[in-house]
1. Can you tell me which residue in segment 137-165 is most open to solvent (accessible area, probe 1.4 Å), limited to those that are within 20 Å of ARG17 (Cβ to Cβ), touching a Gly at 6+ places or on another chain (Cβ under 9 Å) and not in a strand (DSSP E or B)?
2. Being open to solvent by 10 Å² or more (accessible area, probe 1.4 Å) and small (Gly, Ala, Ser) is the filter here; which residues of segment 5-39 pass it?
3. Do the conditions hold for ALA134, that is, is it surrounded by fewer than 15 Cβ atoms within 10 Å (Cβ to Cβ), small (Gly, Ala, Ser) and either without any contact (Cβ under 8 Å) to a residue 24 or more places away in the chain or assigned to a strand (DSSP E or B) (or both)?
4. Just a yes or no: is a residue in segment 58-72 in a loop (DSSP other than H, G, I, E, B) and under 26 Å from GLU128 (Cβ atoms)?
5. Scanning segment 118-131 for residues that are assigned to a loop (DSSP other than H, G, I, E, B) and out of contact with any helix residue (DSSP H, G or I) (no Cβ under 7 Å at 6 or more places or on another chain), which turns out farthest from VAL170 (Cα to Cα)?
6. Exactly one of these conditions fails for THR2: (1) surrounded by fewer than 23 Cβ atoms within 10 Å (Cβ to Cβ); (2) farther than 18 Å from GLN99 by Cβ; (3) modelled with pLDDT of 95 or more; (4) touching a Ser or Thr at 6+ places or on another chain (Cβ under 7 Å). Give me its number.
7. For segment 67-91, which positions are more than 21 Å from SER4 (Cβ to Cβ), open to solvent by less than 30 Å² (accessible area, probe 1.4 Å) and either free of Cβ contacts under 8 Å to residues at least 40 places away in the same chain or in contact with a Lys or Arg (Cβ under 7 Å, 6 or more places away or on another chain) (or both)?
8. Quick one: what pairs do we get from segment 46-59, first residue more than 11 Å from ASP15 (Cα to Cα), second surrounded by 18 or more Cβ atoms within 10 Å (Cβ to Cβ) and of a type outside the set (A, V, I, L, M), C-beta under 6 Å, 6+ apart or different chains?
Amino acid sequence: MTSSKNILMVIAPQDFRDEEFFEPYQHFTQERQWSVTVASTQTGLAKGMLGKSVDVTQTLESQNASQFDALVVVGGMGSPEYLWENETLRTLTQDFARQSKVISAICLSGVVLAKAGVLDGKKATVWEMPESVAEFEKAGAHYIKQDVVVDGSIVTSNGPHAATPFAHEVANQLSKVPA
C-alpha cells in the first residue's frame, strides 16, 4: 500500500479538456486512493470541452502549497483564457517550486508553468501551437516534442492522448517523495 498523497488539480471554469482531468483524477483517487482537491478561478460547475462537468467547491485563492504533495494543472482551450495569466495560480506554482514539490501540467497548461518561471533551463512539452511554443522559449524552457517529459520533479504532457501516461508519471514522481 502506497502512502497517502494530497494532490491539487487546477481546471479552468470552462473548456477544460475532459480526459486531461478525468483520467488523472480517476488514477489518483481510485487506483492510488490519494486525496485530490479540485480548484479553479471560481466555484460552481466547471464545463469540459467534450461536455462533462465537475462541481468545483474550491478557488485558487483558498489553496496553500504546503497542504499538498503535487500540483496538476489541467489543459484545454480554457487554459489560455482563465489560467495562463492568473496571478494567484502563478504564485501558487512558484510556492510549489520553492517547496520542491511535484509540479505538472498537461496540454496548453504547460504555459502556466512557463509563465510562473519554473521551466527555466528545464526540458518540457506542451500542446504545440505558436503561442505556447513562444511562451516556452521566452521562459527558457527546452521544448521537447514528446507525449510526456519529466525533468526533476516537473512533469509535462502535450495533450489529451497522453492523459493516462501523464497520470502514471505524476504518480511515479509522487511515489519517490517520502511520506
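The values are calculated or read from the model by the stated rules, or taken from the named source; none is laboratory data. Computed from a prediction, not measured in an experiment: that's the story for all the values here. Cβ placement follows ideal geometry from the backbone for every residue including glycine, while neighbour counts extend to all protein chains displayed. Side chains included, ligands, DNA and RNA excluded: accessible areas come from the protein's heavy atoms. Shrake-Rupley method; radii C 1.70, N 1.55, O 1.52, S 1.80 Å.
1. Top of the filtered list is ASP147.
2. If the condition is that a residue be open to solvent by 10 Å² or more (accessible area, probe 1.4 Å) and small (Gly, Ala, Ser), then SER35 is the only one that fits.
3. Values: surrounded by fewer than 15 Cβ atoms within 10 Å (Cβ to Cβ): yes; small (Gly, Ala, Ser): yes; either without any contact (Cβ under 8 Å) to a residue 24 or more places away in the chain or assigned to a strand (DSSP E or B) (or both): yes.
Taking the combined requirement at face value, the residue satisfies it.
4. No, that holds for no residue.
5. The qualifying residue farthest from VAL170 (Cα to Cα) is MET129.
6. So the condition that THR2 fails would be (3).
7. Matches in segment 67-91: VAL74, GLY75, GLY76, TRP84.
8. Taking only residues 6 or more apart or on different chains, the pairs are VAL56/SER40.
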